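Enquirer: Got a structure for you, written out below as structure tokens; questions coming shortly.
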Amino acid sequence: MFEFGFTDEQKMLREMVRDFTINELKPVAQQIDANEKIPDEIIKKLGELGLLGAAMPEEYGGGGFGEVGYCIMQEEISRACLSTATFIGAHQSIGTNAILLGGSEFLKQKYVVPLAKGEKIGAFCLTEVQAGSDSFNVKTTATPDGDEWVINGDKMWITNGGLADIISVFARTPKGVTAFVVETSMPGFTAGPPEKKMGIRGSTTNAITFDNVRVPKENMIGTEGRGFLIAMKTLDAGRLGLGAATLGAAKEMLELSSKYAKERVQFDHPISHFQAIQFMLAEMATTIYCMESIIYRTAVDYDLKKNISMHSAMVKLFCSEGLDKVVDYAVQIHGGMGYSREYPVERFYRDSRINKIFEGTNEIQKGIIARDILKHKGVM
């Protein structure tokens with residue numbers, strides 16, 4: 001809706017992703033939802049285009065576009081398919097980024113490089129039955145044994161869990177929660193069947209079991225007992241990317257709704273002539289403008305290495321609720337057609353709901369925001 005002072009390179013990135021989205025992703029988006037699977041050829045093309053490592057530094061095989069570029073990419077991808085955006089986010093924004101943020105140079109060269117190049121698929125493995133919003137309460141353990149760590153436990157709701165080659169795993173050690181890189185080919189690693197979900201059906205979500213999985217000592221990310229801080233720092237960027245995905249979906253809903261309102265005739269007039277419809281479109285556009293503003297402002301700050309914990313929580317809170325509002329209006333404007341699976345609006349409506357739950361529930365985001373406000377006596 002407006003240009004945020006994007007560089008020529010960022011504008012070229014947007015055009016490239018938009019071309020891919022329109023010509024290759026949109027035509028199969030309904031199929032992805034129906035088959036509950038992203039086609040292998042789409043994943044392969046994402047890798048070939050460099051989109052699976054767009055935010056990663058060039059020195060580690062990435063595109064070097066940073067968080068602003070990543071948000072641009074996710075915005076465009078999400079105009080076609082939120083399942084695909086979720087797959088990319090789990091792979092790059094949290095799965096790979098956890099290693100980049102906390103890992104040694106050895107881990108970055110060994111794992112970030114193939115992940116950024118799209119040669120391997122990544123995932124982020126934190127959530128457990130008793131460790132959802134209470135993410136510090138992980139029960140999965142990692143026990144030292146000579147030159148290895150032995151991991152045991154169960155995880156759930158792991159996006160890309162059944163697809164990933166390399167996973168950032170958080171487990172409890174003698175000194176606290178610690179992060180590790182686990183290769184899914186290691187003996188004792190098992191991914192359960194894909195979950196049957198209401199929305200983002202093409203994004204594979206699995207339970208994971210670790211049964212005496214042995215990983216080398218050098219696969220520890222950062223230092224022992226500092227894994228929770230790595231997880232939280234990783235999720236700061238994850239929530240920002242999630243916001244960009246909601247923005248793209250919201251823009252698509254406004255475009256489709258405006259087009260439909262001009263074409264749909266009732267009482268001898270296009271429904272766009274009616275104030276009730278105009279007011280819905282106005283609310284949608286205003287919400288999108290605010291979403292776009294806070295997302296790119298925060299992305300710029302992230303690339304400048306500023307602390308964005310509170311602002312990324314604001315992005316996640318406002319944008320997830322904003323998309324819910326926008327997509328609800330889109331269904332209302334489309335009427336019965338908005339409730340039909342023949343129209344993409346229905347799919348976006350189902351896909352939208354998860355955004356208020358994953359990457360930390362919106363109630364948790366409010367807690368993060370309130371904590372920072374009180375810490376700084378309300379000064380922002």
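The values are calculated or read from the model by the stated rules, or taken from the named source; none is laboratory data. None of these values were measured; they are calculated from a predicted model. Cβ coordinates were reconstructed from backbone atoms using ideal geometry, including for glycine residues, and neighbour counts include every protein chain displayed.
Enquirer: Being surrounded by fewer than 19 Cβ atoms within 10 Å (Cβ to Cβ) and over 26 Å from Lys356 (Cβ atoms) narrows it down to one residue among Lys175, Lys197; which is it?
Expert: Being surrounded by fewer than 19 Cβ atoms within 10 Å (Cβ to Cβ) and over 26 Å from Lys356 (Cβ atoms) holds for just one of Lys175, Lys197, which is Lys175.
Enquirer: Among the charged types (D, E, K, R) and surrounded by 21 or more Cβ atoms within 10 Å (Cβ to Cβ): is that true of Asp211 in this structure?
Expert: Criteria not met by Asp211.
Enquirer: Quick one: Val327 ticks every box in (1) farther than 30 Å from Ala34 by Cα; (2) in contact with a Phe, Trp or Tyr (Cβ under 7 Å, 6 or more places away or on another chain) bar one, so which box is it?
Expert: Tallying (1) farther than 30 Å from Ala34 by Cα; (2) in contact with a Phe, Trp or Tyr (Cβ under 7 Å, 6 or more places away or on another chain), Val327 fails exactly one: (1).
Enquirer: So for region 39-55 (the condition being within 23 Å of Val182 (Cα to Cα) and touching a Ser or Thr at 6+ places or on another chain (Cβ under 8 Å)), does at least one residue qualify?
Expert: Among the residues of region 39-55, at least one is within 23 Å of Val182 (Cα to Cα) and touching a Ser or Thr at 6+ places or on another chain (Cβ under 8 Å), which makes the answer yes.
Enquirer: With the condition kept exactly as written, say whether any residue in region 312-324 is surrounded by 13 or more Cβ atoms within 10 Å (Cβ to Cβ) and out of contact with any helix residue (DSSP H, G or I) (no Cβ under 7 Å at 6 or more places or on another chain).
Expert: Scanning region 312-324 turns up no residue that is surrounded by 13 or more Cβ atoms within 10 Å (Cβ to Cβ) and out of contact with any helix residue (DSSP H, G or I) (no Cβ under 7 Å at 6 or more places or on another chain).
Enquirer: Now a separate question. Could you pull out the residue among Thr140, Thr84, Thr159 that is not assigned by TED's automatic domain parsing to the domain that holds Gly192 and not aromatic (Phe, Trp, Tyr)?
Expert: Every option except Thr84 fails the conditions.
Enquirer: Counting only residues that are acidic (Asp, Glu), surrounded by 19 or more Cβ atoms within 10 Å (Cβ to Cβ) and in contact with a Ser or Thr (Cβ under 7 Å, 6 or more places away or on another chain), how many does region 224-267 have?
Expert: Final tally of qualifying residues: 1.
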